[in-house]
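Everything below concerns the one structure shown next.
A short reminder: the numbers here are calculations on the coordinates, not readings from a lab. Values in this document were obtained by computation on a predicted structure and should not be read as measured data. Cβ atoms come from the backbone with ideal geometry, glycine included; neighbour counts cover every protein chain shown.
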């Protein structure tokens, strides 16, 4: 059972996969035609191994789901990754009442609090304009599933120009379009490296353009054709100045697909759960915070310690 | 303060030095002189003495947010910066931005008057400010209050920006920035003034720095084009003899005259209008003492007379920058050396750093290997025709240091770094074997690539045996070759040994933990160094 299509939550090699309907297209692109992928609509229940299972929107990325598991022992909800902020690229988070709530805690510390999305998008627009004025290319690094599409959708507020994207992103952008998500038009960064290298005046210039690229493209020869760039990273991680500086990005935009601290607390409260287990990121402090407030809580260890992915 | 916070953000949000200089130059041209004066003060790394103890800010933050101490500590271990942690968690407090108060007014009318107030009165003054400032300004305020404001620009860049704003040569601005000044609007106006201002007579020149020699020595060309001296291990300083007075300035632009009265006394024999560049060294029986001896003199404000007897020092002259009141930095080093020999005795408290006479590069290389025996850090190579420049300009002055001491040690503890290494485990403690146990021998933070840091971070998180707050005790698996510059006996370290400037030279993936060095081996290095 798959909560969403990010690499740390959906891995190749299983005999079969069950996910929410909008997630299936993304999984198919990741795992290929041969993988056995079954999907059910949000809210539709199936019985499996004596428990009743259903998927409910998590608001994280397209097709992301909380998994509700009902048995004689009660109701457990595995939230996967989720957020409460509005996002036009996926169904909004739905509060699912439960006894046990397994929450993410990627940003489970009170230093994490997100600004309004509109304000962040305005900042990105301002950065793009000032780079354009200086004849530079704006390169925004972001995750290929979710963040890139959310940016393409949100940026419709400030522009109708096409956005250039790294070739690796095209497939998932298509998958989102197939699912009916409205986004700015995109064009792949065309490979004309030879001409650029020879410095001919006819070399394609990306000055003034905004380019979206996966982090893996950073520092590769692919970047050379973009000319003089200002680079940025869109992630909740960018909330901490030291993290941004350590990575050496010119700018960090705190645009996250995860719940911030107030959203985590609010959600835990709204589920009415009497037991809460935290996983990913800052699980220990969140669990301790909840315990000290009288909630039965604990930590689920994960193989994905260290840096959060997918944000 | 909005403009200053915006300048900080602009500097902080680019890695391009040109963009940083442009942002500062624009600020200096636009800001009121009184604000700009304080901006120069902070940008050049000067600080107000801590006005509010960090513990108090911590307590006020807990009171304002209702958080627990341990949770704030967890936040700190991710952020790696106290002021930023507080600025971020205070985002929970509603902000009602008020009219902008200029930086100078903030510092002079609001912040400085906090000095000497009791904590309750301070809290009553400071707490309402949180709600009046946006996140950037709140961060600036916290940094100023805690005396920790550091901006990612070097003095050289500030000088370049000021020079751009003033349309004056950088050397003029640099000289005006040396020594003592008070950040007032009047001072800032005179800093940018095109007229020759009445410069403070105590003022030293900007130091000229050598670069590490990385290429083979033969790449420098003809041996005869170069003067070679020993690289002494002390405190680089300038001795300013003007208008009947003597001032000794450290490279950190700290006035250290009173710490070294014997140097000040010897300098009175220099003719008026002389400025020397050299090194303050602990020195006895014609030999330098280890740097740790000199440290006893630096730390001591009182009982100087007693220390003068216990640890004698000399001023080892490298260069002469001003002679008979004239700035002679542009004259070739050859000429300046001749002047040094005329003005400064070869031996005594005020002495000359002798030219090393080894005739060939091979002879020099051989001599360099004896550096430790001679009590020096290696050799300095200076082009005979070189001027005395500003800052670190490559090409004319090189330092050819000896290779560091090395040991292989095992990683035993790790904790998050601070600043730009926040949330990565980058502060490591290493141990060597002693009776089947690993005894901490050194802490090191530098020497690994970003990829290695990330790999090790992931490994540490999965192989933590125990946690003590932010410190993780890890499985003893990884061996690192550590380099260090000096070694001394220490009663403050469990190993009984303190090493100087330890850093990681190599990740010894080829070695098992059992193959790392022993404490006995390190003790032998210590004996050898004595």
_Alpha-carbon radius of gyration plus Dmax, which is the widest Cα pair, for the protein assembly as shown in Å_ = 31.1, 99
*Give the shape of segment B:91-183 as rounded, prolate or oblate, defined through the alpha-carbon gyration tensor: a ≥ b ≥ c are the square roots of its eigenvalues, a/c under 1.5 means rounded, and otherwise the shape is prolate if a/b is larger than b/c and oblate if not.*
prolate
*asked:* What distance in nm lies between label points placed 7 Å from Cα along the C-beta direction at residue B:468 and residue A:178?
replied: 5.6
*Can you work out the FRET efficiency for the pair residue B:450 and residue B:342, with r the C-beta to C-beta distance and R0 = 51 Å, to the nearest 0.05?*
0.45
_Could you tell me how far the Cα centroid of segment A:76-139 sits from the Cα centroid of segment B:5-82, in Å?_
26
*As a check on your grasp of the helix formula, calculate [θ] at 222 nm for chain A: sum -39500 (n - 2.57) over DSSP H runs of n ≥ 4, divide by the residue count, round to the nearest 500.*
-7500 deg cm²/dmol
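Quickly estimate the mean residue ellipticity at 222 nm for chain B, helices only: each DSSP H run with n ≥ 4 gives -39500 (n - 2.57), and the total goes over all residues, rounded to 500.
Numbers: 19 runs with 187 residues, N = 530.
Counting only the DSSP helices, I get -10500 deg cm²/dmol.
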*What is the diffusion coefficient of segment B:405-529 in µm²/s, taking the Kirkwood radius over Cα pairs and the Stokes-Einstein relation at 37 °C with a viscosity of 0.692 mPa s?*
225
*When you take every Cα atom in chain B, what is the radius of gyration, and what is Dmax, the widest Cα pair distance, in Å?*
25.9, 73
*With an 8 Å cut-off on Cα pairs and a minimum separation of 6 or more residues, tell me the relative contact order of segment A:117-253 in percent.*
34
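Is segment B:208-401 rounded, prolate or oblate when judged by the Cα gyration tensor, a ≥ b ≥ c being the square roots of its eigenvalues, rounded requiring a/c under 1.5 and prolate requiring a/b larger than b/c?
Oblate.
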*Taking the Cα atoms of chain A alone, what are Rg (to one decimal) and Dmax (as a whole number) in Å?*
20.5, 72
*Specify the angular offset, from 0 to 90 degrees and rounded to the nearest 10, of the alpha carbon long axis of helix A:283-292 from the longest principal axis of the alpha carbons in chain A.*
40
*Mind giving me the nanometre distance, one decimal, between the label points for residue B:298 and residue A:216, set 7 Å out from Cα along Cα→Cβ?*
4.8
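I need the calculated FRET efficiency for the pair residue A:156 and residue B:529, taking r as the beta carbon distance and R₀ as 60 Å, to the nearest 0.05.
Working: r = 68 Å, r/R0 = 1.13.
Computed FRET efficiency for residue A:156 and residue B:529 comes out at 0.30.
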_Considering only segment A:7-105, percent of DSSP beta bridges that pair antiparallel, nearest 5_ = 70
*Report the antiparallel proportion of the DSSP beta bridges in the protein assembly as shown as a percent, rounded to a multiple of 5.*
65
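Using the count of nearby Cβ atoms within 10 Å as a rough guide to exposure, how do B:413, A:176 rank from fewest to most? Mind dumping the intermediate values first?
Working: B:413 21, A:176 26.
So the ranking, lowest neighbour count to highest, is B:413, A:176.
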*Taking a label point 7 Å from the Cα of residue A:34 along the Cα→Cβ vector, which residues of segment A:1-20 have an amide N closer than 18 Å to it?*
A:11-17
*Expressed as a whole number of Å, what is the distance separating the alpha-carbon centroids of segment B:236-271 and segment B:351-423?*
26
*Mind checking A:102-110 for the average number of partner chain beta-carbons within 10 Å of each residue's beta-carbon?*
3
_All-pairs Cα distance distribution in segment B:261-314, expressed in whole percent, bin size 5 Å_ = 4, 17, 27, 23, 16, 10, 2
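If you count, for every residue in A:233-245, the Cβ atoms of partner chains within 10 Å of its Cβ, what is the mean? Present the calculation step by step, with values, prior to reporting the outcome.
Numbers: counts 0, 0, 0, 0, 1, 0, 5, 11, 13, 14, 8, 4, 8.
Whole-number average of other-chain Cβ neighbours for A:233-245 is 5.
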*Return B:323, B:180 ranked ascending by Cβ neighbour count within 10 Å, so the fewest neighbours appear first.*
B:180, B:323
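Sort B:111-118, B:65-72, A:150-157 for me by packing, meaning the mean count of neighbouring Cβ atoms within 10 Å per residue, highest on top.
On the way: B:111-118: 12.8, B:65-72: 15.2, A:150-157: 19.8.
Per-residue mean Cβ counts within 10 Å order the peptides as A:150-157, B:65-72, B:111-118.
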*In percent, how large is the relative contact order of chain B, given Cα pairs closer than 8 Å and 6 or more residues apart?*
12
*Relative contact order for chain A, counting Cα pairs under 8 Å that sit 6 or more residues apart, in percent*: 20
*Taking a ≥ b ≥ c as the square roots of the eigenvalues of the Cα gyration tensor of segment B:3-86, is the shape rounded (a/c under 1.5), prolate (a/b larger than b/c) or oblate?*
prolate
_Model label zone, residue B:355; criterion: amide N under 13 Å from point 7 Å along Cα-to-beta-carbon; scope segment B:362-395_ = B:382-386
*Using label points projected 7 Å from each Cα along Cα→Cβ, tell me how many nm separate residue B:394 and residue B:201, to one decimal.*
4.2
